[in-house]
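The values are calculated or read from the model by the stated rules, or taken from the named source; none is laboratory data. Small disclaimer: the values here were computed from a predicted structure and weren't measured. Note: ideal-geometry Cβ built from the backbone for every residue, glycine included; neighbour counts use all protein chains shown. These accessible areas exclude ligands, DNA and RNA; they are computed on the full protein's heavy atoms, side chains included. Shrake-Rupley method; radii C 1.70, N 1.55, O 1.52, S 1.80 Å.
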Amino acid sequence: MTGVHYTNCTSPLNTVLTASAWPPSSTRSHKWKEDLLASSFYNGRLDRVNVLGSETTGHTGCVNALSWAKGGSVLISAGDDTTVRLWRMDTENAEQDYGFVCDTVIQTGHRANIFNAQMLPHSSRIVTVAGDKQVRVFDHEKAPGHPGDHGETEYYARQAAIRVLRCHSARVKRIVTEDSPDLFLTVAEDGSVRQHDLRVRHTCGADSCPAPLVQVAHDLSTLSLSPLTPYQFVVAGSSPYGYLFDRRHAGRHFREEWGQPPDADEVTTCVRRFGRLSRGAHERRGSEHITGSRMSSSNGHEVLLSYSADAVYLYSTKDDPQPTNMASTESSIVPPNRKRSPERHDRHLSESETDMDQDRMDEDALMEEDIERIRAESTPSPPRASRPNVEEVVDEEDPDQRETDDDEEDEEEVRDDDLVDPRYVGVPVIMPRSRFVGACNVETVKDVNFLGPRDEFVVSGSDDGNWFMWEKETGKLHDILEGDGTVVNVIEGHPYLPLVAVSGIDTTVKLFAPTPGPSRFSRLENAESIIKRNAEAESARSELSNLWLYYRLARQMAENGGAGEGVVQCPVQ
């Protein structure tokens, strides 16, 4: 590693040819390398250094999935075109600092968008999940391929697929690998988390699939765990809360460890919930949705949750649970947990952030009357019991009825546990340590991530085509970078290099790294106007989404003869 200067980053891929050059020879060496990598993010200005794909090469649809494999020497991408592409370091091209070439294309055979793709550790197996409810496993290194365009080796599903799993009954959204070439977890919108073991064969269907690790009563869209605490995992979806499950059951006393006795009929226990003091300024009760989660790989206890139409929140499984009332909209300031000092918490909330939240709430109050009028004119109002997840429209000509309904709504607003699976209503709730604002998360499913060797930064995509980077300890906005022509959904940092892969609605993958001189793609100087536009866009898009939900509800009721039967799908893709 002698001669590598990450702050300037002239040609790191040609210096670090393989991942085997990186693993530390001693604790001191490892710490020195982490310090060097961290300083490159703090002191260097990130800029776009490469674009993978073009109008004639690469993906032909949105890129929904990115993951690093083979110690960071391979970048896996997948998306709406149902193909998986393997981009490898181009160490032969000395003119390109961050050169990657696509040498493998897998035609997966999925019949809907691929949402996630991961390579299983210690193997060449690649797992994909998609909107067709299927989990597919490929091993291209043991399959016969054929030459394709642009020097790429192409594989079809019948050649490379080694397993097709149909255990889930709805769209499968995320994969979490374990330290095994055979074991991995998946989460789906059927509300289940399943563990798959490729060593054990079964025929899907007729209740012959292994029982899920988790089964909840609402859609799930995200799953995460830390390699330091693999016995715990976090799930979240169309609920006001994220859920922490622990699967250490055999011979353990959970009442003493967590204060939550395990269910004798289940193989996991929900030991904590992650909540908020209040909903976002433009969220509506019953439509709360968490699009992304991430557990820290450097400490094993910090958790990130990204709420649609709100912000990114940081939690810790080590914090003591506290009572929470999400109905309050007086303030979005996050209270400190008992294991955090108030002084440290105050640093996470700047005056500009508080002012921006107040502006959002004022704007929401001004728009509320018009929005309610539009809803009343465009949507029939069935009885409350038939639509528990939608606010009732009040008859403006009957003040007494309005007052009565308002009182009833106030009582119901306090009981947010009405929206929670009854089995988990009594699970203690942990409040967030920090709140990161500025990005707009309404249109698509945005992931969230840590960045840096010790997870020093928090990153998120945004509907405006930028991706945001905050300092975790201070909550300070570190940078805003243009990462997509429309929307950024996925951000993945390289395991050993100061290199970040970004993708979204575009058909290309963008690479960012510290470079000398000013950054061409940094938008930090325009942070104030960008954040203001995002707040305005979030309000407009959130209201449009709510009206669309009402339209779908009315249409579904008409199809059911006005009975209000059935469940309205979450409008988030």
Discussion item. I'd like the accessible area for Trp467, computed on protein heavy atoms only with a 1.4 Å probe and all protein chains in place. Round to 10 Å², please.
Written reply: 0 Å²
Worksheet item: Sorted by accessible area with a 1.4 angstrom probe, largest first, how do Asp479, Asp81, Asp149 fall?
Response: Asp149, Asp81, Asp479
Item to complete: Show the residues, 5+ positions off or on another chain, whose built amide H is closer than 5 Å to the amide H of Leu66.
Response: Ala117
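What's the ranking of 275-288, 163-176 by average number of surrounding C-beta atoms within 10 Å, highest first?
On the way: 275-288: 22.0, 163-176: 19.6.
Taking the mean over residues of other Cβ atoms within 10 Å, the ranking is 275-288, 163-176.
By average Cβ neighbour count within 10 Å, what is the ranking of 481-489, 85-93 from highest down?
Working: 481-489: 22.9, 85-93: 18.2.
Taking the mean over residues of other Cβ atoms within 10 Å, the ranking is 481-489, 85-93.
Rounded, prolate or oblate: which fits segment 40-100 when a ≥ b ≥ c are the square roots of the eigenvalues of the alpha-carbon gyration tensor, with rounded for a/c under 1.5 and prolate only if a/b beats b/c? Kindly include the intermediate steps, with their values, before the conclusion.
On the way: a/c = 1.66, a/b = 1.53, b/c = 1.08.
In terms of gyration-tensor shape, prolate.
How charged is the neighbourhood of Phe184? Take every other residue with its Cβ under 13 Å from the Cβ of Phe184, and add Lys/Arg as +1 and Asp/Glu as -1.
Net of charged neighbours comes to +2.
So how do Glu538, Glu178, Glu443 rank on accessible area, 1.4 Å probe, biggest first, that is with the largest at the start? Could you put the intermediate results ahead of the total?
Numbers: Glu538 5, Glu178 35, Glu443 85 Å².
Per-residue accessible area, sorted high to low, gives Glu443, Glu178, Glu538.
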Worksheet item: If you take the square roots of the eigenvalues of the alpha-carbon gyration tensor of segment 264-310 and sort them as a ≥ b ≥ c, do you get rounded (a/c under 1.5), prolate (a/b over b/c) or oblate?
Response: oblate
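Rounded if a/c is under 1.5, else prolate if a/b is larger than b/c, else oblate: which is segment 71-154, with a ≥ b ≥ c the root eigenvalues of its Cα gyration tensor? It would help to have the intermediate numbers written out before the result.
Numbers: a/c = 1.79, a/b = 1.69, b/c = 1.06.
Cα axes put segment 71-154 in the prolate bin.
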Worksheet entry | Cα centroid separation, segment 422-478 to segment 63-135 (Å) | 25 Å
Worksheet, complete the sentence: Rounded to the nearest 0.05, FRET efficiency between His146 and Ser208 (Cβ-Cβ, R0 41 Å) equals 0.70
Discussion item. Could you sort Asp246, Asp190 by their accessible area in this structure, using a 1.4 Å probe and putting the largest first?
Written reply: Asp190, Asp246
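Sort 197-205, 124-132 for me by packing, meaning the mean count of neighbouring Cβ atoms within 10 Å per residue, highest on top.
Numbers: 197-205: 10.6, 124-132: 22.9.
Output ranking for 197-205, 124-132: 124-132, 197-205.
In whole percent, what relative contact order does segment 58-128 give with Cα contacts below 8 Å and a gap of six or more residues? Before the final figure, lay out each step's value.
Values: 146 pairs, mean separation 20.7, N = 71.
Dividing the mean separation by the residue count of segment 58-128 yields 29 percent.
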Worksheet item: Out of residues 5 or more away from Val49 or on other chains, whose amide H comes under 5 Å of its own, with H placed 1.01 Å from N in the peptide plane?
Response: Leu511, Phe512, Ala513
